[in-house]
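Visitor: What follows is a single structure, and I will ask about it in a moment.
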Amino acid sequence: MLDLTGREIRSSATKEKEGIPVKFGDKIMIRSDNMQIPSSSTCIQIDCHAALGLLREGDEIKFGENAEVFGECEQCDENQI
């Protein structure tokens, strides 16, 4: 478990004003190589490259203000999840 205190991991802006629509079963890539690329329903850009190297297959990932949206890390390496 990666418990963040203080600064949290942020994602890049989205083109959709309502955020990224996600439904059960969706597969989304997480990368940290370019925060200038808008996050979308297929790829979320985050601002913490070190986090990618800490996750392992099967780890739970939570998003949102109250961690309401969650998923499971299916494949990962130091460049993308």
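Visitor: Please specify each residue of the stretch 39-81 satisfying the condition of being surrounded by 11 or more Cβ atoms within 10 Å (Cβ to Cβ), of a type in the set (D, E, K, R) and in contact with a Leu (Cβ under 8 Å, 6 or more places away or on another chain).
Guide: Result: Glu78, single match.
Visitor: What number of residues within the stretch 5-17 satisfy the criterion of being surrounded by 10 or more Cβ atoms within 10 Å (Cβ to Cβ) and either farther than 21 Å from Arg56 by Cα or modelled with pLDDT of 90 or more (or both)?
Guide: Residues in the stretch 5-17 being surrounded by 10 or more Cβ atoms within 10 Å (Cβ to Cβ) and either farther than 21 Å from Arg56 by Cα or modelled with pLDDT of 90 or more (or both): 4 in total.
Visitor: State all residues of the stretch 64-81 that are among the hydrophobic types (A, V, I, L, M, F, W, C) and either in contact with an Asp or Glu (Cβ under 7 Å, 6 or more places away or on another chain) or touching a residue at least 12 places away in the same chain (Cβ under 8 Å) (or both); if no residue qualifies, say none. Step through it out loud before you land on a result.
Guide: Residues of the stretch 64-81 that are among the hydrophobic types (A, V, I, L, M, F, W, C), as a first pass: 67, 69-70, 73, 76, 81.
Scanning the stretch 64-81 gives Val69, Phe70, Cys73, Cys76, Ile81.
Visitor: Which members of the stretch 18-36 meet the condition of being assigned to a loop (DSSP other than H, G, I, E, B), surrounded by 13 or more Cβ atoms within 10 Å (Cβ to Cβ) and among the hydrophobic types (A, V, I, L, M, F, W, C)?
Guide: Answer for the stretch 18-36, where residues must be assigned to a loop (DSSP other than H, G, I, E, B), surrounded by 13 or more Cβ atoms within 10 Å (Cβ to Cβ) and among the hydrophobic types (A, V, I, L, M, F, W, C): Ile20, Val22, Ile28, Met35.
Visitor: Find all pairs meeting these conditions: Cβ atoms under 9 angstrom apart; at least six residues apart or on different chains; first residue within the stretch 10-25 and of a type outside the set (Phe, Trp, Tyr); second residue at pLDDT 85 or above and surrounded by fewer than 10 Cβ atoms within 10 Å (Cβ to Cβ).
Guide: Qualifying pairs under 9 Å: Ser12/Asn34; Ser12/Gln36.
Visitor: Hey, another quick one. Could you figure out which of (1) in a helix (DSSP H, G or I); (2) hydrophobic (A, V, I, L, M, F, W, C); (3) at pLDDT below 80 isn't true of Leu2?
Guide: Exception for Leu2: condition (1).
Visitor: Regarding the stretch 71-79, can at least one residue be identified that is touching a Ser or Thr at 6+ places or on another chain (Cβ under 7 Å) and either in a helix (DSSP H, G or I) or under 20 Å from Phe24 (Cα atoms) (or both)? Can you show your working first?
Guide: Step one: list which residues in the stretch 71-79 are touching a Ser or Thr at 6+ places or on another chain (Cβ under 7 Å), which gives none.
For the stretch 71-79, residues touching a Ser or Thr at 6+ places or on another chain (Cβ under 7 Å) and either in a helix (DSSP H, G or I) or under 20 Å from Phe24 (Cα atoms) (or both): absent.
The values are calculated or read from the model by the stated rules, or taken from the named source; none is laboratory data. These numbers come from a predicted model, not from an experiment. Glycine gets a Cβ as well: all are built from the backbone with ideal geometry, and neighbour counts include every protein chain shown.
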